[in-house]
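Each remark here refers to the structure printed beneath this line.
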Amino acid sequence: MAVRKQPRKSTSTRGKKATRGNAAERSPGKRPAAAREARGNGGELHQHAGGADATVTTNQGVAIADNQNSLRASPRGPTLLEDFVLREKITHFDHERIPERIVHARGSGAHGYFELTKSLSRYTTARLFTEVGARTPVFTRISTVAGGAGSVDTPRDVRGFAVKFYTQEGNFDLVGNNIPVFFIQDAIKFPDFVHAVKMEPDRAFPQAASAHDTFWDFISLTPESMHMIMWAMSDRAIPRSLRMIEGFGIHSFRLLDAKGRSTFCKFHWRPRLGLQSTVWDEAVKLQGADNDFHRRDLFEAITAGNFPEWDLGLQLFTEEQAAGFPFDHLDPTKIIPEETVPLTIVGRMVLDRWPDNFFAETEQVAFCPANVVPGIDFSNDPLLQGRLFSYLDTQLSRLGGPNFHQLPINAPKCPFANHQRDGHMQMRVPKGRVNYEPSSLERTDGREDPAKGFRSFAEPAGDGAKGRIRAESFADHYSQARLFYRSQTEIEQAHIAFALVFELSKVETAHVRAAIVGHLRHIDGDLARRVADGLGLDALPPAPKAAAPVIDMPPSPALQIIGKMKKTLEGRAVGILVDDGSNAATINALRKAAEDAGAMVKIVAPKIGGAMLSGRRKLPADGQLAGTPSVVFDAVALVLSRDAGAYLAQEAAAVDWVRDAFGHLKAIACDEGARAVLAAAGIEPDAGVVDAGDTGKFIKAAMTRQWAREPQVRTLP
Ligand code: HEM
């Protein structure tokens, strides 16, 4: 056996000036009390337990004396297999990663609560919807769909919007998206759809993007996706913030009253901060500026106490009403216009706590549309029916076995018990002999409760012969796509046309591009012409045969974003670019006005250490110019001395800062010194460019985007 040479006597460095403290000193907040420290033989740092610091142990609870060195046969000799401390640590590390979700792999989550403001006791027995004022804890995860867990936050994509309500009657998961319809009508098409949209299998790109051949090939052959395509090409798919998106349960669900009577409903989340999107060029640049833009935004808002809120609205309708709709509400590619069935607001959700640990909570949370509580039931929507199977099934492998419901983030917060036993990672210790029922021997883990237990709606099963037959009532693929497109403002219509041109221009296969334009002809002739022109097609391709006549429906302004944007700075961010010599009074006034209007203000300067303002006051910066481009703000101000303005007019990062802000239709405040930077960016000031001294005008302009500017800065199809 190898003999270990004892390390040389350690030299305590406590109390000595430690050079390695620099990183901690730079970071905000107080440095925690220093641990008792020692240096090892090779000069490595050892921090010893004591005071507030507990002893580090193995997973078996054995105290570890040295967490810096593996066990070696001699100081320069081979490492010994005997080293259980090393083996345990590395083995655990090797297994830290679990498979990511097959879809919606990248997401951010937060805890909060749902508070009921209006009772639905007329329609349902579900207590979460009957006890006004009661707060139900929730965990909400918002995600992109196509990219992997490490992909960017701002691709053009649908956002998942999944809420787990920990009700007193069990968990209810509302697993929706930020778009109220879906690409396909039947779950059997989901694997094909997902394969088509994710990176192509031979080349493993593009990541987190629908702009490629396989996606558009599939879509060109799937006319039922046309309505969803209109939404996905709209600015809804490039949100400004996860706090500014809507959420939808999509399918029709049923509410059941105490007599088992059913009312259909659709669930809608409405953000209190209003809907807001980026513009495409901004979304693209955000991917370079901050891959974690949405996650960071949600984290910063929640940790600063600016808790995002959504109203929950329900569309309630009867079977008879549904029979009169000019579409089938069981078809998940259809909405029920709000003008037909208005929303009843029944409560609000507040997200007020960031998770303690991303993996344990956001990564391990398992949502499932089949998780409903008594008083809520499913409809026959064939997409929903497939989903009822898929989630639990995938989670068995993603989370490694059948006991993931015991993880704290997934476990109900009400009592739960049954005779399911054993399996990987069983964390409970069931007692006694009886693991079955009926039973008569001793204490049992639960009996049926006919009064309070879950019951399904007693619906007659089917009105035709069994078969793989899609209902004729699902055949209209274009009318609601037309409704959506024609309900948009002109600006939004132009953005849809632009997005289609952008995406299809990335498609290498000419016949796929042409096929999509053919579909567009059924939706809107002008849209088809704009896209064909943008793609440089010589002639309009033929439209495919429509399976059902396309009907005109009255426009629904509720489908717009711009029409629903709130003129506010609440929850938004304002950046102020400063440098040495900037006017302190102007900066203070701008900051105060923006903060009073609800914005978060960040100071940007060429150096992170900050700038020496007029009056010799040093103002620390929140971001360095090159690393904090204007895309991360909703409005910007430049307060610069003449010298600094002349200097920064030569600096690409400063010129881009203001050029991008202008191009992304943001309000800009600037003083005399800053005008040189605007001139270098070639900006002709318009109504959205205001004097930095006029804070009132700046705040008013900053509360919205300068849509009137758009035709000057970009040629839209
Ligand atoms: C209306 C249509 C759909 C919506 C709104 C939707 C929504 C979502 C959301 C929000 C997530 C992420 C949940 C989370 O944050 O953990 C998710 C994951 C998932 N979805 Fe869907 N989805 C839809 C259709 C489908 C269909 C048709 C299937 C399969 C038949 C499916 C299978 C899955 C799977 C396997 C996951 C991963 C679940 C996990 O690993 O925990 N989805 N879906």
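The values are calculated or read from the model by the stated rules, or taken from the named source; none is laboratory data. These numbers come from a predicted model, not from an experiment. So basically every Cβ, Gly included, is an ideal-geometry build from the backbone, and we count neighbours across all protein chains shown. Each accessible area value is taken on the protein alone, full model and side chains, heavy atoms only, with ligands, DNA and RNA left out. Shrake-Rupley method; radii C 1.70, N 1.55, O 1.52, S 1.80 Å.
Some notes on this structure:
- From the options 360, 366, 417, 370, residue that is more than 9 Å from the ligand (Cβ to nearest atom), in a loop (DSSP other than H, G, I, E, B) and open to solvent by less than 50 Å² (accessible area, probe 1.4 Å): 370
- Some residue of region 442-462 being within 30 Å of residue 553 (Cα to Cα), more than 16 Å from the ligand (Cβ to nearest atom) and either surrounded by fewer than 19 Cβ atoms within 10 Å (Cβ to Cβ) or in the same structural domain as residue 187 (by TED's automatic domain parsing) (or both): yes
Here is a yes/no grid of residues against (1) surrounded by fewer than 17 Cβ atoms within 10 Å (Cβ to Cβ); (2) out of contact with any Lys or Arg (no Cβ under 6 Å at 6 or more places or on another chain); (3) among the hydrophobic types (A, V, I, L, M, F, W, C); (4) not in a loop (DSSP other than H, G, I, E, B):
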residue: 114; (1), (2), (3), (4): no, yes, yes, yes
residue: 125; (1), (2), (3), (4): no, yes, no, no
residue: 148; (1), (2), (3), (4): yes, yes, no, no
residue: 157; (1), (2), (3), (4): no, yes, no, no
residue: 160; (1), (2), (3), (4): no, yes, no, yes
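- The helices (runs of 4 or more DSSP H) located wholly in region 191-304 that include 3 or more residues which are modelled with pLDDT of 95 or more, within 25 Å of residue 351 (Cβ to Cβ) and open to solvent by less than 30 Å² (accessible area, probe 1.4 Å) occupy 280-289, 293-303.
- Residues located in region 58-68, provided they are over 22 Å from residue 33 (Cβ atoms) and either open to solvent by 60 Å² or more (accessible area, probe 1.4 Å) or in contact (Cβ under 8 Å) with a residue 40 or more places away in the chain (or both): 59, 60, 62, 65
- When 423, 347, 386 are checked against the criterion of being away from the ligand (no atom under 14 Å from the Cβ), open to solvent by less than 50 Å² (accessible area, probe 1.4 Å) and either at pLDDT below 95 or not in a loop (DSSP other than H, G, I, E, B) (or both), a single residue qualifies: 347.
- Any hit, region 698-713, residues being more than 24 Å from residue 563 (Cβ to Cβ), assigned by TED's automatic domain parsing to the domain that holds residue 594 and either part of a helix (DSSP H, G or I) or in contact with a Gly (Cβ under 6 Å, 6 or more places away or on another chain) (or both): yes
- When 688, 696, 610 are screened for being within 28 Å of residue 570 (Cβ to Cβ), in contact (Cβ under 8 Å) with a residue 60 or more places away in the chain and either open to solvent by 10 Å² or more (accessible area, probe 1.4 Å) or in contact with a strand residue (DSSP E or B) (Cβ under 9 Å, 6 or more places away or on another chain) (or both), only 696 passes.
- Residue check, residue 175 open to solvent by less than 10 Å² (accessible area, probe 1.4 Å), within 12 Å of the ligand (Cβ to nearest atom), aliphatic (A, V, I, L, M) and assigned by TED's automatic domain parsing to the domain that holds residue 238: no
- Residue in region 189-206 that is hydrophobic (A, V, I, L, M, F, W, C) and touching a Lys or Arg at 6+ places or on another chain (Cβ under 7 Å) present: no
- Single match in 434, 429 (criterion: aliphatic (A, V, I, L, M) and surrounded by 10 or more Cβ atoms within 10 Å (Cβ to Cβ)): 434
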